[in-house]
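Working notes, structure below.
The values are calculated or read from the model by the stated rules, or taken from the named source; none is laboratory data. The shown structure was predicted, so the numbers you read here are calculated from the model rather than taken from an experiment. Don't worry about glycine lacking a Cβ; one is built from the backbone with ideal geometry, like all the others, and counts go over all protein chains shown.
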């Protein structure tokens, strides 16, 4: 399915999240991530996951953030024998879109190092 410029507009999200998804799509290209929405009621947050490993996820929030700043929380697959559905990674404020892209790219690439 090709990107027609309106895919993310159907999400029930704040315009700040729609903008970040559109920018990520434009920067990373089609198929670079999939939306994993564990936070349907949160209009200022969204999860983007590595397409072939949804448990490798970056949670992005714009709540209370300045323009072009984001809160990002990284999730990894669960540890063996863990009852939790994921392993919590680093979380922090990101102060530019370029930094957000870099963090997501490194996070998704970490799947190759963990296997």
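A few points about this structure:
- Filtered residues of the stretch 19-46 (kept if surrounded by 15 or more Cβ atoms within 10 Å (Cβ to Cβ) and farther than 17 Å from residue 57 by Cα): 19, 22, 43
- Residues located in the stretch 69-105, provided they are assigned to a loop (DSSP other than H, G, I, E, B) and out of contact with any strand residue (DSSP E or B) (no Cβ under 7 Å at 6 or more places or on another chain): 80, 81, 82, 83, 84, 85, 95, 96
- The conditions of being closer than 23 Å to residue 16 by Cα, modelled with pLDDT of 95 or more, surrounded by fewer than 18 Cβ atoms within 10 Å (Cβ to Cβ) and within 15 Å of the chain's Cα centre (by Cα) are met by residue 96.
- Checked against (1) farther than 18 Å from residue 104 by Cα; (2) touching a helix residue (DSSP H, G or I) at 6+ places or on another chain (Cβ under 9 Å), residue 61 passes all but a single condition, namely (1).
- Of all the listed residues (66, 49, 32), the sole one being modelled with pLDDT of 90 or more, within 18 Å of residue 109 (Cβ to Cβ) and part of a loop (DSSP other than H, G, I, E, B) is 32.
- If the condition is being over 19 Å from residue 85 (Cβ atoms) and surrounded by fewer than 17 Cβ atoms within 10 Å (Cβ to Cβ), then the stretch 47-74 contributes 63, 64, 65, 66, 67, 69.
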